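Input: a single structure, listed below in structure tokens.
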Amino acid sequence: MAKVIINKALCKSCGLCVTACPKKILSISTTDMNNKGYFVVEVVDMDKCIGCAFCATMCPDCVIEVEK
């Protein structure tokens, strides 16, 4: 099973990872905010992750890491 690791401190809520995910398991949180004032990306359903790493590839700030 794949695992998505998010460095929330660096996330700036651009949403590129959300649109890149083919399984639509990522979303921008409406409650979890980092120290910079951005609502961070979160994994909605880790069990559906296929480990493609499209989210990590699209992230301009290298916030996401995918482990297989």
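The values are calculated or read from the model by the stated rules, or taken from the named source; none is laboratory data. Please read all numbers here as calculations on a predicted model, not as lab measurements. Quick reminder, even Gly has a Cβ in these numbers, built from the backbone with ideal geometry, and neighbours come from all protein chains shown. To get the accessible areas, we keep the full protein, side chains included, count just its heavy atoms, and leave off ligands, DNA and RNA. Shrake-Rupley method; radii C 1.70, N 1.55, O 1.52, S 1.80 Å.
Scanning the stretch 11-54 for residues that are in contact with a helix residue (DSSP H, G or I) (Cβ under 7 Å, 6 or more places away or on another chain), under 23 Å from MET1 (Cβ atoms) and outside any strand (DSSP E or B) yields CYS17, ALA20, CYS21, PRO22, LYS23, ILE25, PHE54. Among the residues of the stretch 1-10, just one is within 12 Å of VAL66 (Cβ to Cβ), open to solvent by 60 Å² or more (accessible area, probe 1.4 Å) and part of a loop (DSSP other than H, G, I, E, B), namely MET1.
Among the residues making up the stretch 35-68, those that are under 13 Å from CYS14 (Cβ atoms) and open to solvent by less than 100 Å² (accessible area, probe 1.4 Å) are TYR38, PHE39, VAL40, VAL41, CYS55, MET58, CYS59, PRO60, ASP61, VAL63, ILE64.
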